[in-house]
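To start, the structure itself, in structure tokens.
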Amino acid sequence: MDWKSRRIDAIVEQALVEDKATDDATTLITIDAGLRGTGTVMAKQDCVIAGLGVIPRVLAVFARLEGRSEASFEVVSHPEIFDSVRVRKGQSLAVIRTTARTLLSTERVILNLLQRMSGIATLTRRYADAVQATGTTVIDTRKTVPGLRVLDKYAVTCGGGENHRLDLSDGILIKNNHIALGGGVARVLANAHRLRKAGQVIDIEVRSFAELDEALEHGAESLLLDNMTPDEVKRAIGVVRERGLKIPIEASGGMTLETIGAYAQAGPDYISVGALTHSAVAVDLNMRITAELG
């Protein structure tokens, strides 16, 4: 992750502006401008950490919004604490040293981003563990919070999952609405083969064995098996492999921690899980702030 990218800075700036962090009414009238402080980010539950890189970005962008050319801060953590690591309740994740005013005014933005990303990573780790040793990879979807996709998807990778498409330009995925509006499986596949850009793989969603047969007949290069049972997924994979095709196969549709194991045993290359990003619960973190002595 390029934490210094314009995209990350835009997300951070929007969050700080939303919170009016540079106009913190309480802090500005109660805390001396020269007071230095230490903020310790703590885990209040067992979790997988994601997003530690946002801490220095929040502090740097906050300094810029305040009109300071340089941000005076230090962020340190133990060598064993980094994104994707499992941590225990009570562990210190990072220590921030800067002005007390800065800590108080940026605390919520830092925690909001870290808590959401770590929640996604923690949930993803549970799904990845559920398919461990099956040969199936858990992947995400585009069901992300608007504006936070790059962070949501990074968090998935911290939890042991992989990213599918980042956006609509990132590959061809023909879904049921494209098929319905585009004149059927044969026609949309013909158009895709004719009009695609170099290097683009044609992935198509199929919901029945009739659609599967038609998709294979007309040159599907990757398959998304949507809302099939584990037995149907296994049967569909058998149909593809019996034809000597080695194309990637993904299973999708309402996956849960209770069902994903059975789907993985059916043998797909990938299982997509929208819940990783649309239903993850933020983990519980806090920041303990103390004044620096001397």
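The values are calculated or read from the model by the stated rules, or taken from the named source; none is laboratory data. Every value quoted in this text rests on a predicted model; they were computed, and no experiment measured them. With ideal geometry, Cβ positions are generated from the backbone for all residues, glycine too; neighbour counts draw on all protein chains shown.
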Report, ordered by the first and then the second residue, all pairs with beta carbons closer than 6 Å, sequence separation of six or more or different chains, a first member in region 217-232 that is more than 14 Å from ILE204 (Cβ to Cβ), and a second member that is outside any helix (DSSP H, G or I). ASN227/GLY253; PRO230/ALA266
Take LYS246 and tell me if it is over 23 Å from the mean Cα position of the chain (by Cα) and not in a helix (DSSP H, G or I). yes
Given (1) surrounded by 14 or more Cβ atoms within 10 Å (Cβ to Cβ); (2) touching a residue at least 24 places away in the same chain (Cβ under 8 Å), number of the condition ARG288 does not satisfy: (1)
Cβ-Cβ below 6 Å, separation at least six or inter-chain, first residue in region 157-186 and assigned by TED's automatic domain parsing to the domain that holds SER208 and basic (Lys, Arg), second at pLDDT 95 or above and in a loop (DSSP other than H, G, I, E, B): which pairs? none
Hey, can you tell me all the residues within region 1-57 that are farther than 13 Å from MET117 by Cβ, β-branched (Val, Ile, Thr) and in a helix (DSSP H, G or I)? VAL17, THR22, THR26, THR27, ILE29, THR30
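Those residues that are part of a loop (DSSP other than H, G, I, E, B), aliphatic (A, V, I, L, M) and closer than 17 Å to LEU216 by Cβ, I need them from region 249-269; list them, please.
Selection gives nothing.
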Exclusive hit being surrounded by fewer than 14 Cβ atoms within 10 Å (Cβ to Cβ) and not hydroxyl-bearing (Ser, Thr, Tyr), set ASP152, ASP170, ASP140: ASP170
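Within region 59-70, does at least one residue satisfy the condition of being among the charged types (D, E, K, R), in the same structural domain as VAL12 (by TED's automatic domain parsing) and within 20 Å of LYS153 (Cβ to Cβ)? So that I can check it myself, show each step before the final result.
In the first step, residues of region 59-70 are kept if they are among the charged types (D, E, K, R); the result is 64, 66, 68, 70.
Narrowing further to those that are in the same structural domain as VAL12 (by TED's automatic domain parsing): 64, 66, 68, 70.
When the remaining residues are screened for being within 20 Å of LYS153 (Cβ to Cβ), the result is none.
No; the residues of region 59-70 include none that is among the charged types (D, E, K, R), in the same structural domain as VAL12 (by TED's automatic domain parsing) and within 20 Å of LYS153 (Cβ to Cβ).
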What is the residue count in region 155-167 for residues that are outside any loop (DSSP other than H, G, I, E, B) and either among the hydroxyl-bearing types (Ser, Thr, Tyr) or surrounded by 17 or more Cβ atoms within 10 Å (Cβ to Cβ) (or both)? 4
Given the criterion among the charged types (D, E, K, R), surrounded by fewer than 17 Cβ atoms within 10 Å (Cβ to Cβ) and in contact (Cβ under 8 Å) with a residue 40 or more places away in the chain, identify the matching residue among ARG116, ARG125, ARG88. ARG88
Per the list (1) in contact with a Ser or Thr (Cβ under 7 Å, 6 or more places away or on another chain); (2) under 29 Å from ALA43 (Cβ atoms); (3) in a loop (DSSP other than H, G, I, E, B); (4) of a type outside the set (Gly, Ala, Ser), residue check on VAL281 breaks on (1)
Checking ASN286 against (1) in a strand (DSSP E or B); (2) modelled with pLDDT under 95, only one condition comes out false. Which one? (2)
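With respect to GLY67, determine if the residue is at pLDDT below 95, part of a loop (DSSP other than H, G, I, E, B) and in contact with a Ser or Thr (Cβ under 9 Å, 6 or more places away or on another chain).
Numbers: at pLDDT below 95: yes; part of a loop (DSSP other than H, G, I, E, B): yes; in contact with a Ser or Thr (Cβ under 9 Å, 6 or more places away or on another chain): yes.
Considered against the rule, which asks whether it is at pLDDT below 95, part of a loop (DSSP other than H, G, I, E, B) and in contact with a Ser or Thr (Cβ under 9 Å, 6 or more places away or on another chain), GLY67 comes out as yes.
Can you find, within region 95-111, the residue that is nearest to the chain's Cα centre (by Cα) among those that are more than 10 Å from ILE289 (Cα to Cα) and not in a helix (DSSP H, G or I)?
Within region 95-111, the subset more than 10 Å from ILE289 (Cα to Cα) is 98-99, 101-102, 105-106, 108-111.
This time we only want the ones that are not in a helix (DSSP H, G or I), so: 98-99.
Working: THR98: 29, THR99: 32 Å.
That would be THR98.
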Give the number of residues within region 140-153 that are of a type in the set (Ser, Thr, Tyr) and within 22 Å of ASP269 (Cβ to Cβ). 1
Which of the residues spanning region 68-94 are at positive phi and within 23 Å of the chain's Cα centre (by Cα)? SER84
Cβ pairs under 6 Å, 6+ apart, first in region 254-277 and assigned by TED's automatic domain parsing to the domain that holds GLU221 and at negative phi, second hydroxyl-bearing (Ser, Thr, Tyr) and surrounded by fewer than 16 Cβ atoms within 10 Å (Cβ to Cβ): none
So, of the residues in region 180-217 that are of a type in the set (Lys, Arg) and part of a helix (DSSP H, G or I), which turns out to be nearest to PRO230 (Cα to Cα)? ARG187
